[in-house]
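**Student:** Submitted below is the structure of interest, expressed as C-alpha cells.
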Amino acid sequence: MDGREELRAAVPPLLEWFRRNKRDLPWRTQRTPYTALVAELMLQQTRVEAVKDRYNEFLRRFPTAESLAEADEEEVLKYWEGLGYYSRARNLHAAAQIIAREGFPQTWVGLRSLPGVGDYTAGAVASIALGLPTPAVDGNVLRILTRFFADGRKIDGQGAKTYFSALLAEVYPPETADLTEALMELGAIVCVPNGPPACGACPWSGLCKAHLMGREEDFPVRGEKRARKREELDVFVLRRDGLYALCKRPGKGLLAGLWEFPNEPSAEGKLRGWVLKNGDLLATERAKHVFTHVEWHMTGYLATLPSACAAENDVWASAEEIRSRYAIPSAFKAFMKWLE
Ligand code: ADE
C-alpha cells in the first residue's frame, strides 16, 4: 500500500514520544478487557475530563461484567448520569449480560457484534486489551494521518476511515495498545482539533508533509457540514407540596427511558397555558443543550401548584430522591438548581 513504509518508520518515534508524554488516566492502570470496554464506551463522544470523574466510581460499583450484568438498569443509568448519550449505558449493560453468559469476545468481529460497539470501539478495545493489530480510527486519527501524508481525501464519509484503517493495520507493532493510545494522545494534546497544532512538540514534525509545507491548517479536508436541527422547548419544574413532577421519556429516540421534567415544543403551548392558569410562576430561565444532531433551546419555568392539583406526570419526587435515584439527562442541568 502507498505510504506504508513511511508510516511504519514513523511508528517508533511516536511510541517513544507516547511513553514519555502520556497522560496519567484512570483507565490506563490495571486494564482488563472489561475495564477497557467500559472506558471506551464512556469515552465515545465524551470528553476525557468528564469520564475521569465517573470511571472509577462506575467500576467500584460494577467491578466485573458479571456484577454489571446482574444490576438493575435504573441503577446503571444512575451511575451514567452526567455522561450523556444514555443509550451507551444500556448497550454496555446488555453487552455485560452477553459477556457474563458467553465470555469476553477474543476477536474484533466478536467485539463488533456487541451492542454499542462500532468499528472504532472494537478496534480500540481489541488493540488496547487483546493485543490485536486493529486500529481505532476516528476524526482525531484522520486529522493526524491526513496531515502526515498531506492527503486531500474528504474525511466525512466512510472512505477515508476504511483507507487509513487498512494502512494502519499493516504497520502495527507488537505493542498494539501503545500505538492505538499514542495516536489518541497525539490527537488530544499535539495535533489538536480546535486551533493550531503544537508542531513544536510533535514527534512527527520532521516527517509530517503538511507541516513541512506549512499547510497544517489545510488538512483534513471536509465535505459539506450538515446543520444541526434547532428545537425550541418549554421545560416545567412543577413543585407541589415539596415534591416535583417527573415524566419518563418514551422507550425510543433521544434520551429514551430517562426521567425528565415535563416539557413540550414551545410552539405547542398547551402545557404552558395550563401551568400559567393553574400554578404560580416563580422564575423562568433560558438554557441551551447541544446534542450531535439536534440542539435544544429551552425556556425553563419554575412554578408551584396547589395541593390538590393533578398534573399529567408519572411520579412526584423530592429533590433528594431526584438527585440520588432518578437519572436526569444533563440537558436539564440548568434547571436542577430550582430543586430545594
Ligand atoms: N478516547 C477514546 N479512547 C481513549 C483512550 N483510551 N484514552 C484517551 N482518550 C480516549
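**Student:** Quick one: Cα centre-to-centre distance for the range 108-147 and the range 36-93, in angstrom?
**Tutor:** Result: 19 Å between the Cα centres.
**Student:** Right, next: Specify which residue in the list Thr107, Val171, Ala129 is farthest towards the positive end of the charge dipole of the chain, using unit charges on the beta carbon of Lys, Arg (+1) and Asp, Glu (-1), about the Cα centre.
**Tutor:** Val171
**Student:** Could you pull out every one of the lysines with an alpha carbon less than 25 Å from that of Lys161, ignoring same-chain neighbours closer than 8 positions?
**Tutor:** Straight-distance partners of Lys161: Lys22, Lys209, Lys225.
**Student:** Give the dimensionless ratio obtained when the Cα radius of gyration of the range 190-340 is divided by 2.2 N^0.38 Å.
**Tutor:** 1.52
**Student:** Along each of its three principal axes, how wide is the spread of alpha-carbon positions in the range 80-229, in whole angstrom units, largest first?
**Tutor:** So the extents along the principal axes, rounded to whole Å, are 54, 44, 27.
**Student:** Starting from the Cα of Glu66, step 7 Å along the direction of its Cβ; do the same at Thr46; then give the gap between the two resulting points in nm.
**Tutor:** Output for this residue pair reads 2.6 nm.
**Student:** So if we plug the beta-carbon distance of Ser307 and Val221 into 1/(1 + (r/R0)^6) with R0 = 56 Å, what FRET efficiency do we get, rounded to 0.05?
**Tutor:** Taking R0 as 56 Å, the efficiency between Ser307 and Val221 is 0.35.
**Student:** Ignoring ligands, DNA and RNA, what percent of the accessible area of the range 3-218 is carbon or sulfur (1.4 Å)?
**Tutor:** 51 percent
**Student:** Additional query: Please list Arg323, Arg249, Arg23, Arg60 from largest to smallest accessible area, probe radius 1.4 Å, with all protein chains kept in place. Mind dumping the intermediate values first?
**Tutor:** On the way: Arg323 120, Arg249 40, Arg23 70, Arg60 175 Å².
The residues order as Arg60, Arg323, Arg23, Arg249, largest area first.
**Student:** Output ³J(HN,Hα) for the range 231-239: one whole-Hz value per residue in order, computed from phi by the Karplus curve 6.51 cos²θ - 1.76 cosθ + 1.60 with θ = phi - 60°, and x for Gly and Pro.
**Tutor:** Rounded to whole hertz, the list is 10, 8, 9, 9, 10, 10, 9, 10, 9.
**Student:** How much area per residue is accessible in the chain when the probe is 1.4 Å and only protein heavy atoms are counted (Å²)?
**Tutor:** Spelled out: the 1.4 Å probe surface of the chain, per residue, equals 48 Å².
**Student:** Still on this structure, I have one more. Report the semi-axes of the equivalent ellipsoid for the chain in whole Å, largest first, where each axis is √(5λ) for an eigenvalue λ of the Cα gyration tensor. Don't skip to the answer; put the middle values down first.
**Tutor:** Working: eigenvalues 381, 118, 52 Å².
For the chain, the ellipsoid semi-axes come out as 44, 24, 16 Å.
**Student:** Using Cα centres only, tell me the gap between the range 175-227 and the range 1-35 in whole Å.
**Tutor:** The distance from the Cα centre of the range 175-227 to that of the range 1-35 comes to 14 Å.
**Student:** Would any residue of the range 68-84 have its amide N under 19 Å from a label point 7 Å out along Cα→Cβ of Ala100? List them or say none.
**Tutor:** Answer for this model: 68-80.
The values are calculated or read from the model by the stated rules, or taken from the named source; none is laboratory data. None of the values given here were measured: they were computed from a predicted structure. Glycine also receives a Cβ, built like all others from the backbone with ideal geometry; neighbour counts cover every protein chain displayed. The area values use the complete protein model at the heavy-atom level, side chains included, leaving out ligands, DNA and RNA. Shrake-Rupley method; radii C 1.70, N 1.55, O 1.52, S 1.80 Å.
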